[in-house]
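Working notes, structure below.
The values are calculated or read from the model by the stated rules, or taken from the named source; none is laboratory data. The structure displayed is predicted, hence computed values, not measured ones. Cβ: placed from backbone, ideal geometry, glycine included. Neighbour counts: every protein chain shown.
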Amino acid sequence: MTYLTATLLTVLNAVWLFLVVLGLPGTWLMVAGTLLVAWWRHDAGAAMFGTPFLILICVLALLGELLEFLAGVIGSKSTGGSQRGAAGALLGALVGGIVGTVLIPLPVVGSLLGACAGAALGALGLELHSGRALRASLWSGVGAGAGRFAGTVIKTVVGALIWVLVAVAAFWP
């Protein structure tokens, strides 16, 4: 039963890891699934994960969120973006990730390109709407797209680290 549970958790966490590229909270879904399995297996008398390990993956997920946010802020601010442009980048990245997944059916590539393009277009659009000049709005869009790319890559690396740690700990408690 332990190996079946470990296999199912590992496969499910791989699905959640893919959601990180779409801009969705895949790292937190991995943590939630692992916590659920830890709780379930703990009651069964066969603890699969210890408390320090569970705290570690929670800290890693929080670190991934923080680094993703900081990358976006740095990308936007380095090119003179405003708060409104940042809001447009967030909304645009979410919509772009979904649209990119549908229009560019290459796993991960379509989602990532869509999210970056969406962030850039969202920032550009709201910067223009707020009355900024075209050149400044374009730079804000470029910064938002680059920041989104860097943030997604960083969060995906952190998510992959969580996935590996949980898979190893699940199979070798």
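Look at region 1-60 and say how many of its residues are of a type in the set (Gly, Ala, Ser) and within 18 Å of the chain's Cα centre (by Cα). Can you show your working first?
In the first step, residues of region 1-60 are kept if they are of a type in the set (Gly, Ala, Ser); the result is 6, 14, 23, 26, 32-33, 38, 44-47, 50.
From what is left, the residues that are within 18 Å of the chain's Cα centre (by Cα) are 14, 23, 26, 32-33.
Within region 1-60, residues that are of a type in the set (Gly, Ala, Ser) and within 18 Å of the chain's Cα centre (by Cα) number 5.
If I filter region 41-57 down to residues being crowded, with 17+ Cβ neighbours inside 10 Å and not aromatic (Phe, Trp, Tyr), which single residue comes out as farthest from Val153 (Cα to Cα)? Steps first, answer last, please.
Just the residues of region 41-57 that are crowded, with 17+ Cβ neighbours inside 10 Å, to begin with: 41, 48-49, 54, 57.
Those left that are additionally not aromatic (Phe, Trp, Tyr): 41, 48, 54, 57.
Numbers: Arg41: 33, Met48: 30, Leu54: 23, Ile57: 18 Å.
So, considering only residues that are crowded, with 17+ Cβ neighbours inside 10 Å and not aromatic (Phe, Trp, Tyr), the one farthest from Val153 (Cα to Cα) is Arg41.
Could you tell me which residue of region 103-112 is farthest from Ala71 (Cα to Cα), considering only residues that are out of contact with any Leu (no Cβ under 7 Å at 6 or more places or on another chain) and modelled with pLDDT under 90?
In the first step, residues of region 103-112 are kept if they are out of contact with any Leu (no Cβ under 7 Å at 6 or more places or on another chain); the result is 103, 105-109, 112.
Now restrict to residues that are modelled with pLDDT under 90: 105-109, 112.
Details: Pro105: 26, Leu106: 25, Pro107: 23, Val108: 19, Val109: 19, Leu112: 15 Å.
Of everything passing the filter in region 103-112, Pro105 is farthest from Ala71 (Cα to Cα).
Only residues that are outside any loop (DSSP other than H, G, I, E, B) and touching a residue at least 60 places away in the same chain (Cβ under 8 Å): list them for region 17-35, please. Write out each step before concluding.
At the first step, the residues of region 17-35 found to be outside any loop (DSSP other than H, G, I, E, B) are 17-21, 26-35.
If the condition is that a residue be outside any loop (DSSP other than H, G, I, E, B) and touching a residue at least 60 places away in the same chain (Cβ under 8 Å), then Leu17, Phe18, Val20, Val21, Gly26, Thr27, Met30, Val31, Thr34 are the ones that fit.
Does at least one position in region 132-140 carry a residue that is of a type in the set (Lys, Arg) and at pLDDT 90 or above?
Filtering region 132-140 down to residues of a type in the set (Lys, Arg) leaves 132, 135.
Filter once more, keeping what is at pLDDT 90 or above: 132, 135.
Checked against the condition, which is being of a type in the set (Lys, Arg) and at pLDDT 90 or above, region 132-140 yields at least one hit.
Of the conditions (1) over 28 Å from Thr7 (Cβ atoms); (2) in contact with a Phe, Trp or Tyr (Cβ under 7 Å, 6 or more places away or on another chain), His129 fails just one. Which one is it?
Of (1) over 28 Å from Thr7 (Cβ atoms); (2) in contact with a Phe, Trp or Tyr (Cβ under 7 Å, 6 or more places away or on another chain), only one is false for His129: (2).
Of the numbered conditions (1) surrounded by fewer than 18 Cβ atoms within 10 Å (Cβ to Cβ); (2) within 19 Å of Ser82 (Cβ to Cβ), Gly92 satisfies every one except a single condition; which is it?
Unmet condition: (1).
Can you say whether Ala38 is out of contact with any Asp or Glu (no Cβ under 9 Å at 6 or more places or on another chain), in a helix (DSSP H, G or I), crowded, with 18+ Cβ neighbours inside 10 Å and aliphatic (A, V, I, L, M), as far as the supplied structure shows? Quick ask: steps written out before the conclusion?
Working: out of contact with any Asp or Glu (no Cβ under 9 Å at 6 or more places or on another chain): yes; in a helix (DSSP H, G or I): yes; crowded, with 18+ Cβ neighbours inside 10 Å: yes; aliphatic (A, V, I, L, M): yes.
Criteria met by Ala38.
Does any residue in region 154-173 that is over 12 Å from Ala14 (Cβ atoms) come within less than 9 Å, Cβ to Cβ, of a residue that is outside any loop (DSSP other than H, G, I, E, B) and among the acidic types (Asp, Glu) six or more places away or on a different chain, and which pairs are these?
Between residues of region 154-173 that are over 12 Å from Ala14 (Cβ atoms) and residues that are outside any loop (DSSP other than H, G, I, E, B) and among the acidic types (Asp, Glu), the close pairs are Ile154/Glu68; Lys155/Glu65; Lys155/Glu68; Val158/Glu65; Val158/Glu68.
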